[in-house]
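Working notes for the structure below.
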Amino acid sequence: MYTEIVMDHFKNPRNVGSIENADGVGQVGNAKCGDIMKIYLKINDDIIEDAKFETFGCGSAIASSSMATELIIGKSINEAVEFSNKAVVEALGGLPPVKVHCSVLAEQAIKSALYDYAQKTNKVIKGLENYTPEDEEVHCH
Amino acid sequence: MNRKIYLDNAATTKVKKEVIEEMKSYFDEMYGNPSSGIYELGRRSKEAVENARKTVADFINADEKELYFTAGGSESDNWAIKGVAFANKDKGNHIITTKIEHHAVLHTCEYLEKFGFETTYLDVDEYGMIDLEQLKSSIKPETILISIMYANNEIGTIQPIEKIGEIAKEHNIIFHTDAVQALGAVRIDVKKQHIDLMSMSAHKLGGPKGIGGMYIRKGIKIDNLIHGGGQERGKRAGTEGVQNIVGFGKAVELASKNFEQYVSKLTETRNKLMEGIKNNIPDVVLNGHPTMRLPNNVNFSYQYVEGESILLLLDMDGIAASSGSACTSGSLDPSHVLLATGLDHGTAHGSIRFTISEETTDEDINFVIETMKNIIEKLRAISPLKKNM
Amino acid sequence: MNRKIYLDNAATTKVKKEVIEEMKSYFDEMYGNPSSGIYELGRRSKEAVENARKTVADFINADEKELYFTAGGSESDNWAIKGVAFANKDKGNHIITTKIEHHAVLHTCEYLEKFGFETTYLDVDEYGMIDLEQLKSSIKPETILISIMYANNEIGTIQPIEKIGEIAKEHNIIFHTDAVQALGAVRIDVKKQHIDLMSMSAHKLGGPKGIGGMYIRKGIKIDNLIHGGGQERGKRAGTEGVQNIVGFGKAVELASKNFEQYVSKLTETRNKLMEGIKNNIPDVVLNGHPTMRLPNNVNFSYQYVEGESILLLLDMDGIAASSGSACTSGSLDPSHVLLATGLDHGTAHGSIRFTISEETTDEDINFVIETMKNIIEKLRAISPLKKNM
Ligand SMILES: Cc1ncc(COP(=O)(O)O)c(C=O)c1O
Ligand SMILES: Cc1ncc(COP(=O)(O)O)c(C=O)c1O
Ligand code: FES
Ligand code: FES
């Protein structure tokens, strides 16, 4: 059902945990839907130096968060805003259609963390102007 | 990883050696059509079908003329409910069932709305038990059918079938029970328990897949679900799956031998698994009734983690189980059964069902407990929920 | 008496060696539930089901997403007709079928009267052929379904399916065909022949009993016959009879290999039997079409004698066949199919159907002809009818 890459990231997730005094923290999803993703970012000079995650969710959700953190470490915040779940799905070698939404969650968690960073630092991030994190939590999937 | 522990016997079971052995000759030796009784090959098939019918009927204390073969539990449920509804619509349009039925019952009731039928879905308590008082007060003059499952497939809770049967009888309402999970696990007596219709499926007790049965008390008005040839006394058309019917019969024959012994051994093993999990893993919730439950069913919710990830990790260790999480089924909501018992969505997502068989050893149990302990620890370590608590 | 000649392959067939071989491992090795895709055992079963689906779909030039497994031909017929009727009743309440359909179609149409549907039963000519002009003139604005069998099980007549498909398409009416007897005996192309729904059954072509299929063209509106779990893309609930599905797939795979060769060999043997009977026994009437008939079907009426007595005598000589006589079925009237072709009751009572297989040898044929000659002579000698002629 899952590709080898998905299973690898699921079995041995990269970047698990939290970052103390993180520059941006985003949490999306809720337990009602069976998935919560929390992403911590350490940002220096608008570059994402480190990313960590905590996830409550299925194999696809865990693998997606692992892969997403891998992909955004080293990226600038402008690049990270452009980051889409498609990149995660591709990097994972594909996801079953019913599981693609778990990768969307990863994209949203990153946006949410960037938003938090923008709020904290009073920055305007291009592409995040109309973003409001609450929107993401209303409906399951 | 070489060990394989199959603990999903409520989903389906391995076909028993003796069953396969019995079925063998019905493929290319005694392959006649039972309806072709005029020649020997046909007569032999007919005989085989009737022998199986007697075995199954005896096991539930029915007359063999009240036992019909179907393609499985789902067909039986559909037949019972649609058949009774359509045959008795002049008497009323109201059906009573529960919130924790199998989808074969629930979706059938929903479908019948299109034909003007209405359904009351009874609540269950935290253990998955219905309330007999609510049942009584739900009965209306238009009620033509009560359909309440014997034992639940997810949480294993066994309903007070005899009491339900008595209530139905008092009110002169037809009583159907889905006994797919109960057959071979509890003593069923359709006469004593006042059951009018009962669904069964062979693959849940060591028989082949795609064959089931239905008990229909003599005199019950029911339309066919499958019209056509005169098979099954004109009540269910289609060339009989003779080899499968023979297998069903054999599986029931095996179940009826040493029945009490089998059940008590299973119960003992089940209790070990239940205790082991409760004592070794914190923050777990038992789903279903502590004692009025199927002898093979262990179902817990593991807080702060999600079921599919548990199943994936279990599979890596060669353990097969199932979960009520929405993420396993691709649907939006977790198991309707768990929600009906009052679990919140989050907890329901973290449920795992183990259903054992007589092949399950103490060694298996210990390995499963140890494995689960590690898995839950690992997943909780990466869960954002745990910390918030 | 040691020789055994099975010539009732239209009733059911022996399961082929290769089919049994293929099914074997799905009883106690790969016994997982296909819906439990999370673990290996479940995935394997799922794969097996999907492979079989592809094989069957390819054979009839369908997309695998348009192929659904059922418990057999009768279920498929019921599903097609009830499913289309209930799903399209806002469009109309009229169904067109023929007088020579299998009871699974006829009794289903009759049942639907209870729900306000009306059926036109098309006539057939002396060969069992429908009249396309009558079909066209029977179409009304309320017509929602045309159900016409591909090939008849008693007399073997093959209908002009492609032309019927074109007429249905022109009028935007759903076209169902019962191809239970045709599958594996004639080339079927659901696309070219404009078939919207098609019933199949495995046990008619060397597969196991109790498993069938239905082709449903993408976009066709149809209600479920069996509601419940999400199996078969939500269209047919019930745990899949995996071992039977695997067997069905294998039987179709075998049929698709050397198909033309198989058909021409069968036709040759059939013609020998047909000629042999015609030339050796006086006062016989061929039932069905002389050329547009199934390659395995030989059906004659033997005047002045009754079918059951012939069958009994044949059985004594180890030959299995069937008859359209009322006396074999215990019903009042002889075969509705024979009557529809215009046979008088007396003649219809004396009909015998031989349906051969690829195992049927020339020696068998000669033995059957010789035996029949003796039997008919013997029975005519004691018949009062013969003398009156
Ligand atoms: C033409 C036709 N339709 C339908 C059926 C019913 O198929 P099954 O026996 O698989 O239900 C048969 C065979 O009995 C048949 O010959
Ligand atoms: C309680 C219950 N009812 C009905 C069914 C359906 O049975 P089958 O899969 O044989 O159609 C099942 C099993 O899936 C079940 O557990
Ligand atoms: S977290 Fe539920 S499907 Fe991925
Ligand atoms: S003559 Fe005896 S049943 Fe017809």
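The values are calculated or read from the model by the stated rules, or taken from the named source; none is laboratory data. These numbers were taken from a predicted model, which means no experiment stands behind them. When we count neighbours, we look across all protein chains shown, and the Cβ atoms used for this are built from the backbone with ideal geometry, even at glycine.
Mind listing just one residue for me: the one in segment A:24-74 that is among the basic types (Lys, Arg) and closer than 25 Å to A:THR121 by Cα and, of those, farthest from the other protein chains (Cβ to nearest Cβ)?
Filtering segment A:24-74 down to residues among the basic types (Lys, Arg) leaves A:32, A:38, A:42, A:52.
If we keep only those that are closer than 25 Å to A:THR121 by Cα as well, we get A:38, A:42, A:52.
Details: A:LYS38: 4, A:LYS42: 18, A:LYS52: 10 Å.
Per the criteria, the residue is A:LYS42.
Determine, yes or no, whether C:LEU311 is within 16 Å of ligand 4 (Cβ to nearest atom) and buried (at least 22 other Cβ atoms within 10 Å of the Cβ).
Values: within 16 Å of ligand 4 (Cβ to nearest atom): yes; buried (at least 22 other Cβ atoms within 10 Å of the Cβ): yes.
Against the criterion (within 16 Å of ligand 4 (Cβ to nearest atom) and buried (at least 22 other Cβ atoms within 10 Å of the Cβ)), C:LEU311 qualifies.
I'd like to verify a number: residues in segment B:158-184 that are in a strand (DSSP E or B) and of a type in the set (Val, Ile, Thr), how many? I'd like the intermediate steps shown before the answer.
Keep residues of segment B:158-184 that are in a strand (DSSP E or B), which gives B:158, B:174-178, B:183.
Cutting the leftovers down to of a type in the set (Val, Ile, Thr) gives us B:158, B:174, B:177.
Here the count works out to 3.
Counting just the residues of segment C:35-52 that are among the aliphatic types (A, V, I, L, M) and assigned to a helix (DSSP H, G or I), which one comes out nearest to C:GLN231 (Cα to Cα)?
Of the residues in segment C:35-52, the ones among the aliphatic types (A, V, I, L, M) are C:38, C:41, C:48-49, C:52.
Those still in the list that are assigned to a helix (DSSP H, G or I) too: C:41, C:48-49, C:52.
Numbers: C:LEU41: 17, C:ALA48: 14, C:VAL49: 11, C:ALA52: 15 Å.
Per the stated criteria, the residue is C:VAL49.
Regarding B:GLU22, is this residue assigned to a helix (DSSP H, G or I) and of a type outside the set (A, V, I, L, M)?
Working: assigned to a helix (DSSP H, G or I): yes; of a type outside the set (A, V, I, L, M): yes.
The answer is yes for B:GLU22.
Among the numbered criteria (1) within 14 Å of another protein chain (Cβ to nearest Cβ); (2) buried (at least 24 other Cβ atoms within 10 Å of the Cβ); (3) under 22 Å from B:HIS103 (Cβ atoms), which single criterion is violated by B:MET198?
Only one criterion is unmet by B:MET198, namely (1).
Return the residue satisfying two criteria in turn: it lies in segment C:201-212 and is assigned to a loop (DSSP other than H, G, I, E, B) and surrounded by 24 or more Cβ atoms within 10 Å (Cβ to Cβ), and of such residues it is nearest to the other protein chains (Cβ to nearest Cβ).
Looking only at segment C:201-212, we keep the residues that are assigned to a loop (DSSP other than H, G, I, E, B), and these are C:205-211.
With the extra rule that they be surrounded by 24 or more Cβ atoms within 10 Å (Cβ to Cβ), the set shrinks to C:206-211.
On the way: C:GLY206: 10, C:GLY207: 10, C:PRO208: 6, C:LYS209: 5, C:GLY210: 2, C:ILE211: 7 Å.
My answer is C:GLY210.
Going through C:GLY247, C:GLY229, C:GLY238 one at a time, which residue ends up being within 11 Å of chain B (Cβ to nearest Cβ) and farther than 21 Å from B:ARG236 by Cβ?
Working: C:GLY229 fails: farther than 21 Å from B:ARG236 by Cβ; C:GLY238 fails: farther than 21 Å from B:ARG236 by Cβ.
Among C:GLY247, C:GLY229, C:GLY238, only C:GLY247 is within 11 Å of chain B (Cβ to nearest Cβ) and farther than 21 Å from B:ARG236 by Cβ.
Do we find a residue being under 30 Å from C:ARG3 (Cβ atoms), more than 16 Å from ligand 4 (Cβ to nearest atom) and of a type in the set (Phe, Trp, Tyr) anywhere in segment B:28-42? Explain how you work it out, then say what you get.
Taking segment B:28-42 and keeping what is under 30 Å from C:ARG3 (Cβ atoms), we get B:28-42.
Going one step further and asking which of them are more than 16 Å from ligand 4 (Cβ to nearest atom), we end up with B:28-36, B:39-42.
Then keep just the ones that are of a type in the set (Phe, Trp, Tyr); that gives B:31, B:39.
Within segment B:28-42 (the criterion being under 30 Å from C:ARG3 (Cβ atoms), more than 16 Å from ligand 4 (Cβ to nearest atom) and of a type in the set (Phe, Trp, Tyr)), the answer is yes, since at least one residue qualifies.
Looking at C:LYS204, C:LYS218, C:LYS235, C:LYS209 in this structure, which one is under 15 Å from the mean Cα position of the chain (by Cα) and either within 16 Å of ligand 3 (Cβ to nearest atom) or over 29 Å from C:THR291 (Cα atoms) (or both)?
On the way: C:LYS204 fails: either within 16 Å of ligand 3 (Cβ to nearest atom) or over 29 Å from C:THR291 (Cα atoms) (or both); C:LYS218 fails: under 15 Å from the mean Cα position of the chain (by Cα); C:LYS235 fails: under 15 Å from the mean Cα position of the chain (by Cα).
Exactly one of C:LYS204, C:LYS218, C:LYS235, C:LYS209 is under 15 Å from the mean Cα position of the chain (by Cα) and either within 16 Å of ligand 3 (Cβ to nearest atom) or over 29 Å from C:THR291 (Cα atoms) (or both), namely C:LYS209.
Suppose we filter C:THR360, C:THR355, C:THR371, C:THR347 for residues that are on the phi < 0 side of the Ramachandran plot and within 16 Å of ligand 1 (Cβ to nearest atom); which single one remains?
On the way: C:THR360 fails: within 16 Å of ligand 1 (Cβ to nearest atom); C:THR371 fails: within 16 Å of ligand 1 (Cβ to nearest atom); C:THR347 fails: within 16 Å of ligand 1 (Cβ to nearest atom).
None of the other options fit; the residue is C:THR355.
Check whether at least one residue in segment C:87-107 is out of contact with any Phe, Trp or Tyr (no Cβ under 9 Å at 6 or more places or on another chain), in a helix (DSSP H, G or I) and within 19 Å of C:GLN243 (Cα to Cα), and report yes or no.
No, there is no match, as no residue in segment C:87-107 is out of contact with any Phe, Trp or Tyr (no Cβ under 9 Å at 6 or more places or on another chain), in a helix (DSSP H, G or I) and within 19 Å of C:GLN243 (Cα to Cα).
Hey, among C:LEU312, C:LEU286, which residue is under 19 Å from C:ALA348 (Cα atoms) and within 13 Å of chain B (Cβ to nearest Cβ)?
Working: C:LEU286 fails: within 13 Å of chain B (Cβ to nearest Cβ).
The unique qualifying residue is C:LEU312.
Residue by residue through segment B:232-250, note down the ones that are in a helix (DSSP H, G or I), within 16 Å of ligand 1 (Cβ to nearest atom) and either without any contact (Cβ under 8 Å) to a residue 24 or more places away in the chain or crowded, with 24+ Cβ neighbours inside 10 Å (or both).
Matches in segment B:232-250: B:GLY234, B:VAL242, B:GLN243, B:ASN244, B:ILE245.
Looking at segment B:102-124 only, could you name the residues that are free of Cβ contacts under 8 Å to residues at least 60 places away in the same chain and more than 10 Å from chain C (Cβ to nearest Cβ)? Before the answer, list the steps.
In the first step, residues of segment B:102-124 are kept if they are free of Cβ contacts under 8 Å to residues at least 60 places away in the same chain; the result is B:103, B:107-122.
Residues satisfying the conditions are B:GLU113, B:GLY116, B:PHE117, B:GLU118, B:THR119, B:THR120, B:TYR121, B:LEU122.
Identify, please: which residue in segment C:321-367 is β-branched (Val, Ile, Thr) and farther than 23 Å from B:MET30 by Cα and is, among those, nearest to the chain's Cα centre (by Cα)?
In the first step, residues of segment C:321-367 are kept if they are β-branched (Val, Ile, Thr); the result is C:328, C:337, C:341, C:347, C:352, C:355-356, C:360-361, C:365.
Keeping just the survivors that are farther than 23 Å from B:MET30 by Cα gives C:337, C:341, C:347.
On the way: C:VAL337: 13, C:THR341: 18, C:THR347: 24 Å.
My answer is C:VAL337.
Could you identify the single residue in B:GLU133, B:GLU154 that is surrounded by fewer than 24 Cβ atoms within 10 Å (Cβ to Cβ) and either out of contact with any strand residue (DSSP E or B) (no Cβ under 6 Å at 6 or more places or on another chain) or of a type in the set (D, E, K, R) (or both)?
On the way: B:GLU154 fails: surrounded by fewer than 24 Cβ atoms within 10 Å (Cβ to Cβ).
Step by step, each of B:GLU133, B:GLU154 is checked, and only B:GLU133 is surrounded by fewer than 24 Cβ atoms within 10 Å (Cβ to Cβ) and either out of contact with any strand residue (DSSP E or B) (no Cβ under 6 Å at 6 or more places or on another chain) or of a type in the set (D, E, K, R) (or both).
Just checking, does segment C:201-220 include any residue being charged (D, E, K, R), out of contact with any Asp or Glu (no Cβ under 7 Å at 6 or more places or on another chain) and within 16 Å of C:LEU67 (Cα to Cα)? Walk me through it before giving the result.
The first filter runs over segment C:201-220 and keeps only residues charged (D, E, K, R), leaving C:204, C:209, C:217-218.
Now drop any that are not out of contact with any Asp or Glu (no Cβ under 7 Å at 6 or more places or on another chain), which leaves C:204.
Subsequent filtering for residues that are within 16 Å of C:LEU67 (Cα to Cα) retains none.
No, segment C:201-220 has no match at all.
Of all residues in segment B:290-320, count the ones that are in contact (Cβ under 8 Å) with a residue 24 or more places away in the chain and over 16 Å from the mean Cα position of the chain (by Cα).
19
Tell me which residues, restricted to segment C:345-386, are of a type in the set (A, V, I, L, M), buried (at least 18 other Cβ atoms within 10 Å of the Cβ) and within 16 Å of ligand 4 (Cβ to nearest atom).
Within segment C:345-386, C:ALA348, C:ILE352, C:LEU379 qualify.
Out of B:GLY32, B:GLY73, report the one residue that is closer than 30 Å to B:ILE174 by Cα and buried (at least 24 other Cβ atoms within 10 Å of the Cβ).
Numbers: B:GLY32 fails: closer than 30 Å to B:ILE174 by Cα.
Answer to the check: B:GLY73.
Tell me which residues, restricted to segment B:30-88, are among the hydrophobic types (A, V, I, L, M, F, W, C) and within 8 Å of another protein chain (Cβ to nearest Cβ). Spell out the reasoning first.
In the first step, residues of segment B:30-88 are kept if they are among the hydrophobic types (A, V, I, L, M, F, W, C); the result is B:30, B:38, B:41, B:48-49, B:52, B:56-57, B:59-60, B:62, B:67, B:69, B:71, B:79-81, B:84-87.
B:ILE38, B:LEU41, B:ALA71, B:PHE86, listed by residue number.
Out of (1) within 11 Å of chain C (Cβ to nearest Cβ); (2) on the phi > 0 side of the Ramachandran plot, what's the single condition that is false for B:ALA10?
(2)
Among C:LYS99, C:LYS65, C:LYS46, which is of a type in the set (D, E, K, R), touching a residue at least 60 places away in the same chain (Cβ under 8 Å) and farther than 30 Å from C:THR119 by Cα? Show your work before the answer.
On the way: C:LYS99 fails: farther than 30 Å from C:THR119 by Cα; C:LYS46 fails: touching a residue at least 60 places away in the same chain (Cβ under 8 Å).
Unique residue meeting the criteria: C:LYS65.
Let's see how each residue does on (1) of a type outside the set (S, T, N, Q); (2) outside the structural domain of C:ILE376 (by TED's automatic domain parsing); (3) away from ligand 2 (no atom under 16 Å from the Cβ); (4) farther than 15 Å from C:ILE365 by Cα:
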position: C:LEU273; (1), (2), (3), (4): yes, no, yes, no
position: C:ASN279; (1), (2), (3), (4): no, no, yes, no
position: C:LEU294; (1), (2), (3), (4): yes, no, yes, yes
position: C:GLU306; (1), (2), (3), (4): yes, no, yes, yes
position: C:ILE310; (1), (2), (3), (4): yes, no, yes, yes
position: C:LEU343; (1), (2), (3), (4): yes, no, yes, yes
position: C:GLY350; (1), (2), (3), (4): yes, no, yes, yes
